[in-house]
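The values are calculated or read from the model by the stated rules, or taken from the named source; none is laboratory data. All values derive from a computational prediction rather than experimental measurement. In this analysis, Cβ positions are derived from the backbone assuming ideal geometry, glycine residues included, and neighbour counts consider all displayed protein chains. Heads up: the accessible areas ignore ligands, DNA and RNA and are worked out on the full protein's heavy atoms, side chains in. Shrake-Rupley method; radii C 1.70, N 1.55, O 1.52, S 1.80 Å.
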Amino acid sequence: MHFDTRLLLLTIIIFNKFTSYFSQYSDHESYLSLVEFNRGGSATNLIFASPHGGFLGANLTTKNNGKSPTGDSIRTTLGQLPVAGCYNDTLERCIYTIKDCFKSDGKTLSYRADARCLTNRSSTLSMYLLTKAISEASALPYRPYTILNKLTRQYVDPAEDLLLGTFLIESATRVYTDYHRLIAMAKEAIRAPSRGLFIEFVFHRYSQTVQLGYGYDPLRSSTISKPTQSTINELVSRSGPSVILGNNSFGHFLRLNGFPHVIPLEQSQQQQQQQQQQYSYRLSTHSTRMHADQRFNAIVFSYPIERLRTNSIKLEAKRIAKAIEQFIQTNNIKLLSSPSSSSSSFRSYIYFYIQQSLFLLYIYFY
């Protein structure tokens with residue numbers, strides 16, 4: 001088939017999916033209600049997201065909500081993600097698409113997973129509850145927008161890029177798209193020129209240390225004054241390195257509120273070297289890289305889930321909420337105008353779908 005013809009057909013398919021999507025859901029809804037969206041208060045400039053707090057999966061029973069003549073419950077089977085991708089020797093990298101990882105022995109097709117391409121599929125309900133509790137610890141006018149993925153990581157990982165997070169499985173792709181669409185909608189609701197803060201809450205095990213990711217490692221970087229990969233460039237440009245290491249940092253306020261172990265923090269050179277040898281932590285997620293811009297600062301907050309053995313979710317949420325409040329006040333992250341109505345978020349939908357469509361076009365043709 002001629003290139004132009006293929007391009008036209010794929011564009012039509014994408015357009016049809018795009019238009020059917022908007023006719024199927026209102027702006028705050030999601031596919032099978034698998035992404036929970038809670039609107040923020042009238043004076044907020046905060047967005048919280050939880051990609052790994054999922055607790056739903058396998059066969060889902062959902063209500064049609066009047067979209068069918070009978071309104072009966074329907075049972076939906078979701079596609080499960082492989083535990084690993086496959087390795088392409090020609091490209092010398094891992095591949096994370098189902099169709100590209102099948103091999104044939106002449107009779108049958110089988111999926112060829114590679115140990116070099118293993119993925120993390122763990123999730124926990126505790127992160128859903130913790131993120132929601134942190135939001136609810138704020139006064140109503142300042143309550144953040146929250147986007148909470150309710151599907152387990154075995155079925156989607158919205159914190160990764162599109163391929164690794166979905167393997168282009170339809171159900172995973174729809175949930176993934178909703179998650180990022182709702183973040184974009186929340187950003188749009190916090191109108192310019194207001195500055196905003198987006199925090200994505202993930203978790204890790206076997207540690208008592210809170211890990212904060214700003215897009216790069218300030219303890220290893222020699223360009224701390226000009227961090228080209230930082231996801232908080234707006235803050236760094238105003239406050240300098242002290243917003244990451246020092247008394248203006250998020251880590252500093254967490255330590256004041258009952259978290260003695262936080263990285264990164266300002267330390268002596270010897271302590272820094274010991275810390276570097278002991279920890280290798282997540283500097284960013286696809287979400288924080290994607291949604292950080294000249295107006296929005298983005299931080300990945302990796303919570304040490306082992307702390308819940310000795311601390312309640314409610315207490316931890318209050319501590320974290322207080323630290324966030326102090327961080328915002330100290331660094332002058334202000335809401336400069338009143339939020340817009342939800343209708344103005346349509347621009348965010350357009351932008352996000354164009355971005356994902358171009359990405360799919362690139363995959364298809366190259």
In the stretch 181-220, what percent of the accessible surface is made up of carbon and sulfur (1.4 Å probe, ligands and nucleic acids excluded)? 47 percent
Interchain or long-range residues, amide H under 5 Å from THR231's placed H: GLY215, TYR216
For LYS314 and LYS103, FRET efficiency with R0 = 45 Å and r from the beta-carbon atoms, rounded to 0.05? 0.35
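Please compute the length gained on full extension between ALA115 and GLU136, using 0.36 nm multiplied by the number of residues separating them and subtracting their Cα-Cα distance. The partial results should precede the final answer.
On the way: separation 21, 0.36 × 21 = 7.56 nm, distance 4.12 nm.
Between ALA115 and GLU136, full extension yields an extra 3.4 nm.
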Taking the Cβ-Cβ separation of ARG282 and ASP89 as r and a Förster radius of 35 Å, what is the calculated FRET efficiency to the nearest 0.05? 0.80
Around ASP114, what is the net charge, scoring Lys/Arg as +1 and Asp/Glu as -1 over all other residues with Cβ under 13 Å from its Cβ? +1
Using the Cα gyration tensor of the stretch 125-215, with a ≥ b ≥ c the square roots of its eigenvalues, what is the shape: rounded (a/c below 1.5), prolate (a/b larger than b/c) or oblate (neither)? oblate
